[in-house]
Amino acid sequence: MNCNEFISLMKSHGAKFAPAASMPSITLANTTLQNIRAAMLPKSITDLYMQCSALNLGNGYIFGPTEIKRGNKYPIPSIIDINTKLSGCPSLLGKTVFGRNDLFWFAFDSFGTYFMLDNVTLKQLRKYEDPYKAMSDCLIAGNI
């Protein structure tokens, strides 16, 4: 699966998309993640951000480089805010959380490997070879 196929799949499920992120906001997110010793954004996330900065499907979210306001609903926090708050968690050392739903958190490491994490302990439950499969599981499980 590639980025365009992933976006098409999420549209077919009714996901809501925030506008594309600017290159400066993507660069700032990468720099901030590096400063807190989290993994920098892999190409698959950068490609996604260039088309939409955040996604929401039911209770599943993929965080963008900036907070997304949603009217009278809670805003979708930025990937920076989430990872700054979680930066002291030993099980996330070298990882960046990019999404969550009611059941799981989702993260990637500096090698571009994606993971499903336990909602409470943040321990690794599953490893993904395909980044878009991880993103799909994050959003679609949030719609169940």
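Amide H to amide H distances under 5 Å link N119 with W105, where only residues 5 or more positions off or on other chains count and H is placed in the peptide plane. Near I26, once Lys and Arg are set to +1 and Asp and Glu to -1 for all other residues with Cβ below 12 Å from its Cβ, the sum equals 0.
Close amide H partners of C52, meaning residues 5 or more places away or on another chain with modelled amide H under 5 Å apart, are A21.
Taking amide H as placed 1.01 Å from N in the peptide plane, the amide H of F98 sits under 5 Å from that of F106, A107, F108, each at least 5 places away or on another chain.
Dividing the radius of gyration of the alpha carbons in the chain by their Kirkwood radius gives 0.92 for Rg/Rh. For the range 2-144, a simple Cβ point-charge model (Lys and Arg +1, Asp and Glu -1, everything else neutral) yields a dipole of about 240 debye relative to the Cα centre. The lysines whose alpha-carbon is closer than 22 Å to the alpha-carbon of K69, local same-chain residues fewer than 8 away aside, are K11, K16, K85. Working note: Cα atoms of the range 13-80, range along each principal axis, descending, whole Å: 32, 21, 19.
Heavy atoms of the protein chains alone define the surface here; on that basis the chain has 51 Å² accessible area per residue at 1.4 Å probe size. Calculate what fraction, in whole %, of the accessible area of the chain sits on carbon and sulfur atoms when a 1.4 Å probe is rolled over the protein chains. Carbon and sulfur together cover 56 percent of it. Computed 3J(HN,Hα) for the range 86-97, one whole-Hz value per residue from the Karplus formula 6.51 cos²θ - 1.76 cosθ + 1.60 where θ = phi - 60°, is 9, 5, x, 7, x, 6, 9, 4, x, 10, 10, 6, glycine and proline marked x. Derived scalar couplings between HN and Hα for the range 51-61 equal 9, 7, 7, 7, 9, 9, 9, x, 9, x, 9 Hz in order, rounded to whole Hz, by the Karplus curve 6.51 cos²θ - 1.76 cosθ + 1.60 (θ = phi - 60°), x for Gly and Pro. Here each label is just a point 7 Å from Cα along the line to Cβ, and for K16 and T31 those points are 3.1 nm apart. 3J(HN,Hα) along the range 34-42, derived from phi through the Karplus expression 6.51 cos²θ - 1.76 cosθ + 1.60 where θ = phi - 60°, amounts to 5, 5, 9, 6, 9, 5, 6, 5, x Hz, with x in place of Gly and Pro. A simple charge model with +1 on the Cβ of Lys and Arg, -1 on the Cβ of Asp and Glu and nothing else charged puts the dipole of the range 36-109 at about 120 debye relative to its Cα centre.
The values are calculated or read from the model by the stated rules, or taken from the named source; none is laboratory data. Bear in mind the structure is a predicted one, so any value in this text is a computation, not a measurement. Note: ideal-geometry Cβ built from the backbone for every residue, glycine included; neighbour counts use all protein chains shown. Surface areas here come from the heavy atoms of the whole protein model, side chains and all, with no ligands, DNA or RNA. Shrake-Rupley method; radii C 1.70, N 1.55, O 1.52, S 1.80 Å.
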